[in-house]
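**Q** First the structure, then my questions, so here it is.
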Amino acid sequence: DAASTPTSLSRDWLSVQEVVDAVSSSSCGAISVFIGTTREDELDGRKVIGLEYEAYELMAQSEFTKLCADIRERWPTVTHICVHHRLGWVRPVLPWQISSPHRHDSQQAIQRCIDQLKANIPIWKKEVYDTQDSSWKENAECSWSTRNKSSSESV
Amino acid sequence: MTSSVCVLYFAKSVELTGVKEEIVAVPTPISSRDVWRLLLQRHQRLSVLQDQVVLAVRQQYVAVGDQVVTLADGDEVAVVPPLSGG
């Protein structure tokens, strides 16, 4: 069956099974799955009660497409790639799945997918605390983040 | 020449400006640094994001700097605070 790259940004609950079904293939002996979830973090005594996600949706879709092309170039045996990311008010977040004939490629590919998503896909996360305040988070992988001082000169 | 572009704000920049999008008249061609300065003049509170923001012009990332962009009426210019997806 042909290689596919379905991506979805959704305000509804995500189904891991739906994503598994999207990448299953008779030619593949491996499916790698990454599911991001909400940690029960505390920051300065404030408890995180949830996350609010927003995206620049059209650009996120085009960046996903670029990212998947990069993955296929690096690991030509990768067959299906499927990414679902939640938007809006969230607890569980992000099933990612990649299938390939053998596990090594799919495991390396999914690692790069997640790193590159955090660096390049225009999605933002706000932590909301039990004290009713909130803060926008920054990924260390993002080159213009304050958490990424080494490359901030290039911006 | 001047173009009317659609400026989109996301995440913290929405809170700082109080708007999600607005039409802005921008001289063109223009450096991305001057686009950012022009937005700072409209919304001084955006200075909180100084040195930790990039722009996206027609959905392509452009660092705030010397790069010159040519803008047409209706083009999308987005203010992109540090990303936090995943």
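**Q** What chymotrypsin sites (Phe, Trp or Tyr not before Pro) in segment A:3-53 are in a loop by DSSP, with at most 12 other Cβ atoms within 10 Å of the Cβ?
**A** Answer by residue number: A:Trp13.
**Q** Still on this structure, I have one more. As a test question: what accessible area, to the nearest 10 Å², does B:Val69 have when a 1.4 Å probe is rolled over all protein chains in place?
**A** Its heavy atoms expose roughly 10 Å² to the probe.
**Q** Take the Cβ-Cβ distance between A:Glu57 and B:Glu15 as r, set R0 to 22 Å, and report the resulting FRET efficiency rounded to the nearest 0.05. Show your work: numbers first, answer last.
**A** Numbers: r = 19 Å, r/R0 = 0.88.
That pair, A:Glu57 with B:Glu15, gives E of 0.70.
**Q** Summing -39500 (n - 2.57) over the DSSP H runs of n ≥ 4 in chain B and dividing by its residue number, what mean residue ellipticity at 222 nm do you reach, to the nearest 500 deg cm²/dmol?
**A** Working: 2 runs with 17 residues, N = 86.
About -5500 deg cm²/dmol.
**Q** Still on this structure: Please give the charge dipole size of the protein assembly as shown, origin at the Cα centre, charges +1 on K and R Cβ atoms and -1 on D and E Cβ atoms. Round to the nearest 20 debye.
**A** Numbers: 24 positive and 31 negative charges, 53 e Å.
For this selection, approximately 260 debye.
**Q** Also, quick follow-up: Among all the lysines, which ones have a C-alpha under 18 Å from A:Lys137's C-alpha, if same-chain residues fewer than 8 places away are not counted?
**A** Output for A:Lys137: A:Lys47, A:Lys118, A:Lys125, A:Lys126, A:Lys149, B:Lys12.
**Q** Same structure, new question: Between A:Ala30 and A:Glu73, 0.36 nm times their residue separation minus their Cα-Cα distance comes to what?
**A** Additional length available on full extension: 13.6 nm.
**Q** What distance in nm lies between label points placed 7 Å from Cα along the C-beta direction at B:Leu40 and A:Ile49?
**A** With each label point 7 Å from Cα toward Cβ, the separation is 3.8 nm.
**Q** Tell me, what are the semi-axes, in whole angstrom and largest first, of the equivalent ellipsoid of segment B:2-80 as set by the roots of 5 times the Cα gyration tensor eigenvalues? Working shown, then result.
**A** On the way: eigenvalues 61, 37, 25 Å².
Its equivalent ellipsoid spans semi-axes of 18, 14, 11 Å.
**Q** Relative to the first principal axis of the alpha-carbon coordinates of chain B, what is the inclination of helix B:32-42, with its axis defined by its Cα atoms, in degrees from 0 to 90 and to the nearest 10?
**A** On a 0 to 90 degree scale, this one is about 70.
**Q** Additional query: Rounded to the nearest 10 Å², what accessible area does A:Trp89 have for a 1.4 Å probe in the complete protein model?
**A** Rounded to the nearest 10, that gives 120 Å².
The values are calculated or read from the model by the stated rules, or taken from the named source; none is laboratory data. Owing to the predicted nature of the structure, the values given are computational and were not obtained by experimental measurement. Positions of Cβ are backbone-derived with ideal geometry, glycine not excepted, and every protein chain shown enters the neighbour counts. Side chains included, ligands, DNA and RNA excluded: accessible areas come from the protein's heavy atoms. Shrake-Rupley method; radii C 1.70, N 1.55, O 1.52, S 1.80 Å.
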